[in-house]
1. Please go through the stretch 73-114 and pick out each residue that is touching a Lys or Arg at 6+ places or on another chain (Cβ under 8 Å), part of a loop (DSSP other than H, G, I, E, B) and touching a residue at least 60 places away in the same chain (Cβ under 8 Å).
2. Could you tell me how many of the residues in the stretch 132-163 are more than 16 Å from R87 (Cα to Cα) and touching a Lys or Arg at 6+ places or on another chain (Cβ under 6 Å)?
3. Condition first: in a helix (DSSP H, G or I), among the aliphatic types (A, V, I, L, M) and touching a Phe, Trp or Tyr at 6+ places or on another chain (Cβ under 6 Å). Can you find one or more residues in the stretch 176-186 that meet it?
4. Got at least one residue in the stretch 153-161 being aliphatic (A, V, I, L, M), closer than 25 Å to V6 by Cα, touching a residue at least 24 places away in the same chain (Cβ under 8 Å) and surrounded by fewer than 24 Cβ atoms within 10 Å (Cβ to Cβ)?
5. Consider Y47 against the criteria (1) among the hydroxyl-bearing types (S, T, Y); (2) surrounded by 16 or more Cβ atoms within 10 Å (Cβ to Cβ); (3) part of a helix (DSSP H, G or I): it satisfies all of them except one. Which criterion is unmet?
6. Name every residue in the stretch 48-87 that is hydroxyl-bearing (S, T, Y) and out of contact with any helix residue (DSSP H, G or I) (no Cβ under 9 Å at 6 or more places or on another chain), in order of residue number.
7. With I121, I132 as the choices, which residue is part of a loop (DSSP other than H, G, I, E, B), buried (at least 22 other Cβ atoms within 10 Å of the Cβ) and of a type in the set (A, V, I, L, M, F, W, C)?
8. Just the residues that are of a type in the set (D, E, K, R) and exposed (fewer than 14 other Cβ atoms within 10 Å of the Cβ), please, taken from the stretch 184-206.
Amino acid sequence: MTNVLVIENNPSQGPGRLVSWLEASGAKLTLVRAHAGEEVPPSAGDYDALIALGGGRGAEWTDSLAALLRTAVAEKTPTLAICSSARLLATTFGGSLSPVENPAMGPRILAKRDAAGNDPIFGPAPMALDVIWFRREDIDTLPDNAVLLAATPHGGKEVFRLGESAWAVQAHVEFTDEVLATLEGFDAAALQRSADVQEFIVSTWKPIVDRFVRYAAGGRAGMPLPLLTDPS
């Protein structure tokens, strides 16, 4: 059993379909509801992996979450940071953000970069990755030692790895149609566009999450070794 610590920053942005994906891969989840006053620990401790969810922009526990992410990277704890937690991972290690002007919520297609070919989690993934876009900030610059794994057609820094085992995804893959219907900014047209790509999100990202769990469980043998610097 792979024990995964999950930090929930906002009740409207919970783990969603990640729960069934992780459990199907043999993981056991422990959920820390930071928004409900549950303490964000200083390290992942005996957990095999860490997942930090979105919805935490400007939260009062941001410093504690940043410290947890910093420790996870230092201890090489397999980490998956999503949305605001991805941006927090970037800024914690020297990256920078910029506001999103007139955000348009809904589906996007990302393209893998060459460096992803040697990544144990994203290497086998399709070249095009469907995601759901829901944010008001964007990563402007990545940390110096980050490896960009996937980007928008215009160069937006969407998926990156920091060190050997910390992955960050700015967009969302965990939201179901039911969750999207509760979020501000999703009108009927955006909801329909999102519904049209849900099957592709599942078929692409469920295997990515499975590889993350296998990596965390110690199944690194036979998986490609990550390059620690962008070969380009």
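1. C83, F93, P103
2. 0
3. The initial filter retains those residues of the stretch 176-186 that are in a helix (DSSP H, G or I), namely 177-180.
After this cut, where a residue has to be among the aliphatic types (A, V, I, L, M) as well, the list is 179-180.
From what is left, the residues that are touching a Phe, Trp or Tyr at 6+ places or on another chain (Cβ under 6 Å) are 180.
Yes: the stretch 176-186 contains one or more residues that are in a helix (DSSP H, G or I), among the aliphatic types (A, V, I, L, M) and touching a Phe, Trp or Tyr at 6+ places or on another chain (Cβ under 6 Å).
4. Of the residues in the stretch 153-161, the ones aliphatic (A, V, I, L, M) are 159.
Checking the rest, the ones that are also closer than 25 Å to V6 by Cα come to 159.
With touching a residue at least 24 places away in the same chain (Cβ under 8 Å) added as a condition, the list becomes 159.
Those left that are additionally surrounded by fewer than 24 Cβ atoms within 10 Å (Cβ to Cβ): none.
No: zero hits.
5. (3)
6. If we filter the stretch 48-87 for residues that are hydroxyl-bearing (S, T, Y), which is where we start, we get 62, 64, 71, 77, 79, 84-85.
Hit for the stretch 48-87 is T71, nothing else.
7. Working: I132 fails: part of a loop (DSSP other than H, G, I, E, B).
After ruling out the rest, the residue left standing is I121.
8. If we filter the stretch 184-206 for residues that are of a type in the set (D, E, K, R), which is where we start, we get 184, 187, 193, 196, 199, 206.
Result: E184, D187, D196, E199.
FYI, it's all coordinate maths here, none of it is from the lab. All values reported here derive from a predicted model rather than from experimental measurement. Reconstructed Cβ throughout: ideal geometry from the backbone, glycine too, with neighbour counts over all protein chains shown.
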